[in-house]
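Enquirer: Next up is a structure, given as structure tokens.
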Amino acid sequence: MNIIPEITRESITQIINDGERVDGRTFDQYRGIQIETDIISKAEGSARAKIGYTQVIAGVKVSIGEPFPDTPNLGVLITNTEVLPIADPSFEPGPPNEDSVELARVVDRAIRESGMIDLEKLCIEEGRKVWMLFVDLHIIDYDGNLFDTATLAAVSALLNTKLPKTTLDDGEVIINDEIKEELVLNNKVTMSTFVKIGDKMVLDPSLEEETILDGRLSVGVTESGKICAMQKGGDKSLLKEDIFEAVNMAISKSKELIKEIDS
Amino acid sequence: MVFIIINGEGSRGDGRSFNELRSLKIESGVLKRADGSAYLEMGGNKILAAVYGPRESFIKRLLKPNTGVIRCKYNMAPFSVDDRKRPGPDRRSIEISKITAEALRPSLLLENFPHSMIDVSIEIIEAEGGTRCAGITAAAVALADAGIPMKDIVVGCAAGKVNDEIVLDLSEKEDKEGQSDVPIAIMPRTNEITLLQTDGILTEDELKLAIDLAIDGCHEISKIQKDALKKRYLSNF
């Protein structure tokens, strides 16, 4: 343990208890959000999302593969994160650690459960050939709140994903790279992450706030204002009131985030 | 709290009513070498939990000078599911291990054990839905059996939405076919929530119903946890 974080913890908690935040934001305010799409021409879909200085690049690659045996008529969605050593001095190369696995799985859950992607439309020939979508999330700058940034990047990348047209000829799949079709999406999903510091729930934690958090809650919300994924993290407990304060705020913040994605 | 039952009773595949748990059995102190252990059966789930420590760990970088640390390992046996599971950690079990440690951590007074590690192993011998909550329930009993000082015995239970109805303790079939799953863990004395996930679409009101129902379920399971400990340590129980 380092002595500086303990002092930081006390001062940040004190400021939050007084109803303010270190960077001057209100409790329900995001840092500046920037989204750029179509940044990698070799990927079928791509986006860069920034919340404050936190930066995630999402790339969607596609390939034709076999469906899972239990879902022969559904395409495959695979979400993966790489938390790279360039993003933070403490990140180390090597196989994904549990934080990185959790991040990928929570983002995957939000996208999958929202029904955003109609996996049935990705089926080319039932039981044999389906499109596989690989959403790879590259964490390149870490300044707090990877969950929301990664979800923004993934959703934006999927929104500009284009698949080559395929036709079935005598059981053979013919790919026509000349004609690109947009991926059919039903819905959009956003994620809002809160941390509990002292007894307050605070939206969009900065790096400092994230290092001293007591509890964390990420809420995935669909475009129609329903909850589709949640994940609690952190070493301390949350009260029921904390959860519903966060859920309520996440539902209203979702509209704001969707506006950012659409613009 | 008033629940409105739309479909009436018997709407669940196994004949349970919406607020009924599967049959549950917990036994503590089942392993000889472990410092604490528990065996749990819930519906078709068979789960063993073992605790080693507090002890010094050879992985020095994980230890902290001001507090003890808890590390969990959730592992499914290859034969515990219909299609053989490849042995070793996958992404799902890595995530569950992490949230299990975070679910148990708030109850433990680890400040008493600086520079030491508590290792919790959860082995899923047979799985039938709801293993993460059942694993937490078993691990909390094993921690108590190991004599780790704690504020409360954490207990886990899930609720979810199946056939448009909010029901308690989803079975494997309900989990697969259902619309949403909300596993939680609480410290029953204060109802503080130490684990919460949601997987699937719910409205805000449905989420409220699900959490309240799961909390009720946790309190019921909590009694059985305590009985298991009494049975081991009270000769006249």
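Enquirer: Go through segment A:70-119 and give me each residue that's out of contact with any strand residue (DSSP E or B) (no Cβ under 7 Å at 6 or more places or on another chain) and aliphatic (A, V, I, L, M).
Expert: If the condition is that a residue be out of contact with any strand residue (DSSP E or B) (no Cβ under 7 Å at 6 or more places or on another chain) and aliphatic (A, V, I, L, M), then A:V101 is the only one that fits.
Enquirer: Can you tell me which condition B:D181 does not meet? The list is (1) modelled with pLDDT of 95 or more; (2) more than 22 Å from B:I201 (Cβ to Cβ), and all the others hold.
Expert: (2)
Yes/no per residue for (1) over 14 Å from the mean Cα position of the chain (by Cα); (2) more than 14 Å from A:V56 (Cβ to Cβ):
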residue	(1), (2)
A:R105	no, yes
A:L119	yes, yes
A:L137	no, no
A:A154	no, no
A:L158	no, no
A:L183	yes, yes
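Enquirer: Continuing with this model, one more query. Report the residue count in segment A:113-145 for those that are under 13 Å from A:L185 (Cβ atoms) and among the basic types (K, R).
Expert: Final tally of qualifying residues: 1.
Enquirer: Which of the numbered conditions does B:V141 fail, given that it passes all the others? Conditions: (1) in contact with a Pro (Cβ under 6 Å, 6 or more places away or on another chain); (2) under 21 Å from B:K25 (Cα atoms); (3) crowded, with 18+ Cβ neighbours inside 10 Å.
Expert: In the conditions (1) in contact with a Pro (Cβ under 6 Å, 6 or more places away or on another chain); (2) under 21 Å from B:K25 (Cα atoms); (3) crowded, with 18+ Cβ neighbours inside 10 Å, B:V141 misses (1) alone.
Enquirer: Does segment A:247-260 include one or more residues that are out of contact with any Gly (no Cβ under 6 Å at 6 or more places or on another chain), part of a loop (DSSP other than H, G, I, E, B) and surrounded by fewer than 20 Cβ atoms within 10 Å (Cβ to Cβ)?
Expert: There is no residue in segment A:247-260 that is out of contact with any Gly (no Cβ under 6 Å at 6 or more places or on another chain), part of a loop (DSSP other than H, G, I, E, B) and surrounded by fewer than 20 Cβ atoms within 10 Å (Cβ to Cβ).
Enquirer: Checking A:G225 against (1) touching a Phe, Trp or Tyr at 6+ places or on another chain (Cβ under 7 Å); (2) within 30 Å of A:D38 (Cβ to Cβ); (3) within 10 Å of chain B (Cβ to nearest Cβ), which test does it fail?
Expert: (1) is the only condition that A:G225 fails.
Enquirer: Being within 22 Å of A:S114 (Cα to Cα) and either among the charged types (D, E, K, R) or at pLDDT 95 or above (or both) is the filter here; which residues of segment A:182-208 pass it?
Expert: Selection gives A:E182, A:K188, A:V189, A:T190, A:M191, A:S192, A:T193, A:F194, A:L203, A:D204.
Enquirer: Which one is surrounded by the fewest Cβ atoms within 10 Å (Cβ to Cβ), of the residues in segment A:57-80 that are among the hydrophobic types (A, V, I, L, M, F, W, C) and outside any loop (DSSP other than H, G, I, E, B)?
Expert: Across segment A:57-80, the extreme among qualifying residues is A:I78.
Enquirer: Got a sec? Which helices (runs of 4 or more DSSP H) wholly within segment B:130-233 have at least 3 residues that are touching a helix residue (DSSP H, G or I) at 6+ places or on another chain (Cβ under 8 Å)?
Expert: Of the helices (runs of 4 or more DSSP H) lying wholly inside segment B:130-233, those with at least 3 residues that are touching a helix residue (DSSP H, G or I) at 6+ places or on another chain (Cβ under 8 Å) span B:131-145, B:204-233.
Enquirer: Please go through (1) more than 12 Å from chain B (Cβ to nearest Cβ); (2) touching a helix residue (DSSP H, G or I) at 6+ places or on another chain (Cβ under 7 Å) for A:V219 and return the number of the only condition it doesn't satisfy.
Expert: Going through the list (1) more than 12 Å from chain B (Cβ to nearest Cβ); (2) touching a helix residue (DSSP H, G or I) at 6+ places or on another chain (Cβ under 7 Å), A:V219 breaks only (1).
Enquirer: When the residues of segment B:169-215 are filtered to those that are among the acidic types (D, E) and under 20 Å from the mean Cα position of the chain (by Cα), which remaining residue is farthest from the other protein chains (Cβ to nearest Cβ)?
Expert: Residue satisfying both the conditions and the ranking: B:D169.
Enquirer: Would you point out the residue of segment B:75-85, among those that are of a type in the set (A, V, I, L, M, F, W, C) and surrounded by fewer than 19 Cβ atoms within 10 Å (Cβ to Cβ), that is nearest to the other protein chains (Cβ to nearest Cβ)?
Expert: B:V81
Enquirer: Could you list all residues from segment B:58-74 that are more than 24 Å from A:P5 (Cα to Cα) and surrounded by 18 or more Cβ atoms within 10 Å (Cβ to Cβ)?
Expert: Answer for segment B:58-74, where residues must be more than 24 Å from A:P5 (Cα to Cα) and surrounded by 18 or more Cβ atoms within 10 Å (Cβ to Cβ): B:C72, B:Y74.
Enquirer: What about A:G144, is it away from every other protein chain (no Cβ under 12 Å) and farther than 24 Å from A:K253 by Cβ?
Expert: So A:G144 fails the test.
Enquirer: Looking at A:I179, A:I261, which is the one that is of a type outside the set (D, E, K, R), within 17 Å of the chain's Cα centre (by Cα) and away from every other protein chain (no Cβ under 11 Å)?
Expert: A:I261
Enquirer: Quickly run through segment A:1-42 and pick out the residues that are within 24 Å of A:V135 (Cβ to Cβ), in contact (Cβ under 8 Å) with a residue 60 or more places away in the chain and not β-branched (V, I, T).
Expert: Scanning segment A:1-42 gives A:Y30, A:R31, A:D38.
Enquirer: Those residues that are assigned to a strand (DSSP E or B) and of a type in the set (A, V, I, L, M, F, W, C), I need them from segment B:16-54; list them, please.
Expert: Within segment B:16-54, B:L24, B:I26, B:A38, B:L40, B:M42, B:I47, B:L48, B:A49, B:A50, B:V51 qualify.
Enquirer: Does segment B:86-126 hold any residues that are at the interface with chain A (Cβ under 8 Å from one of its Cβ atoms) and either closer than 12 Å to B:A140 by Cβ or β-branched (V, I, T) (or both), and which are they?
Expert: B:I94, B:I99, B:R105, B:P106
Enquirer: Applying the selection to segment A:81-116, what residues are within 13 Å of chain B (Cβ to nearest Cβ) and not in a helix (DSSP H, G or I)?
Expert: Correct list: A:T81, A:S90, A:E92, A:P95, A:P96, A:N97, A:S114, A:G115, A:M116.
Enquirer: Does at least one position in segment A:15-34 carry a residue that is under 17 Å from the mean Cα position of the chain (by Cα) and assigned to a strand (DSSP E or B)?
Expert: Taking every residue of segment A:15-34 in turn, at least one turns out to be under 17 Å from the mean Cα position of the chain (by Cα) and assigned to a strand (DSSP E or B).
Enquirer: For A:I39, are the conditions met, namely being of a type outside the set (D, E, K, R), within 18 Å of A:D141 (Cα to Cα) and not in a strand (DSSP E or B)?
Expert: Taking the combined requirement at face value, the residue satisfies it.
The values are calculated or read from the model by the stated rules, or taken from the named source; none is laboratory data. Not measured: the values here are computed from a predicted model. Don't worry about glycine lacking a Cβ; one is built from the backbone with ideal geometry, like all the others, and counts go over all protein chains shown.
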